[in-house]
1. Which members of the range 1-31 meet the condition of being surrounded by 20 or more Cβ atoms within 10 Å (Cβ to Cβ) and hydrophobic (A, V, I, L, M, F, W, C)?
2. Would you kindly identify the helices (runs of 4 or more DSSP H) lying entirely within the range 38-148 that contain at least 3 residues that are modelled with pLDDT of 95 or more and closer than 15 Å to Met1 by Cβ?
3. Kindly list, by first and then second residue, each pair from a residue in the range 131-144 that is closer than 11 Å to Val161 by Cα to a residue that is in a helix (DSSP H, G or I), limited to pairs with Cβ atoms under 7 Å and residues at least 6 apart or on different chains.
4. Look at the range 121-166 and say how many of its residues are more than 11 Å from the ligand (Cβ to nearest atom) and of a type in the set (Gly, Ala, Ser).
5. Go through the range 257-278 and report how many residues are at pLDDT below 95 and part of a loop (DSSP other than H, G, I, E, B).
6. Are any of the residues in the range 55-66 touching a residue at least 60 places away in the same chain (Cβ under 8 Å), closer than 16 Å to Phe143 by Cβ and either crowded, with 20+ Cβ neighbours inside 10 Å or within 13 Å of the ligand (Cβ to nearest atom) (or both)?
7. Among the residues of the range 186-199, are any at pLDDT below 95, within 12 Å of the ligand (Cβ to nearest atom) and either on the phi < 0 side of the Ramachandran plot or aromatic (Phe, Trp, Tyr) (or both)?
8. Asn293 versus (1) modelled with pLDDT of 95 or more; (2) in a loop (DSSP other than H, G, I, E, B); (3) surrounded by fewer than 17 Cβ atoms within 10 Å (Cβ to Cβ): which is the lone unmet condition?
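The values are calculated or read from the model by the stated rules, or taken from the named source; none is laboratory data. From a predicted model like this one, the values you see are computed outputs, not experimental measurements. Glycine also receives a Cβ, built like all others from the backbone with ideal geometry; neighbour counts cover every protein chain displayed.
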Amino acid sequence: MLTARTVPDLRRFVRAWRRAGCSIGVVPTMGALHAGHLSLAAASRERADRSIVTLFVNPKQFNDTADLARYPRTEESDREKLAPYGIDLLFAPPPEVMYPAGFATNVSVSSVTDGLCGADRPGHFDGVATVVSKLLIQTGADFAFFGEKDYQQLTTIRRMVRDLDLPVEIVGCPTVRDPDGLALSSRNALLSPEERACAPALHRALTAAAERLRKGEDAGCLADAAAGIAAAGFDAVDYVELRDAEDLVPMQRLDRPARLLAAAHLGRARLIDNIPVEPAARNSSDRRNRRGN
Ligand code: PAF
């Protein structure tokens, strides 16, 4: 696996691959890689001729300096984890390469960043959009891979790429879960054994709420999901919400494809999760369409 730490070095490798007619995939990460990230690396390897993983803890998307300071920096073990995945290049720039003195540009995406995690983390999605637009331009990738676990982030990036006509296909990949349902996240490492035991309640609450919505209840039933998460031992619930799957507009009833999203605090970790939810009638008509009748 090659390593680049500056944009000219990165572009030298990319130019050589382009001359050889190769397509390029990129997996943007902040490191501390787990099986969720590795599934993105595998998806890139499958889809593109050459794959780049980027490793950069982006200060612009942290609104809490203590959170930024304690974010794990684990380049050597990340490199070892990536070794079996056939990744061609690790792009691990230092902060001054990404944000040189005098850096003054901000990429800001509205509407899809309203509410949900946007409410609690002012400036977070601007930081994500700014760094991801830089990484997409720096790598010139044909495909970029992001996890559905960060669904509002994925939607924000899709909207940015569409609005700015960036020539890249954004590929959303399914959330990877532990067998008890907990979505993999670098933040899970902050949980004590007791907190880890109660963490799957977040996914269980979403699954149960999705069933009630499919049976025809309205979004009022999500208050029970929030209460269930709190009763399971979470310290505070930020939101449990039903949103349109494409534009994240809030929904009262399950009358079109939607996403059910939640965020809650457990000890030192703020956990997020989401699942797709579709109206029951649409599921059966989809099944008929897939069968071809
Ligand atoms: O999801 C992440 O790890 C980060 O938000 C990303 C997309 C790498 C941007 O820093």
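1. If the condition is that a residue be surrounded by 20 or more Cβ atoms within 10 Å (Cβ to Cβ) and hydrophobic (A, V, I, L, M, F, W, C), then Ala4, Leu10, Val14, Ile24, Val26, Val27 are the ones that fit.
2. Qualifying helices (runs of 4 or more DSSP H): 75-82.
3. Matching pairs, first to second residue: Val132/Ile157; Ser133/Met160; Ala144/Leu136.
4. Counting residues in the range 121-166 that are more than 11 Å from the ligand (Cβ to nearest atom) and of a type in the set (Gly, Ala, Ser) gives 3.
5. 1
6. No - not one qualifying residue is present in the range 55-66.
7. Yes, the range 186-199 has at least one match.
8. All conditions are met except number (1).
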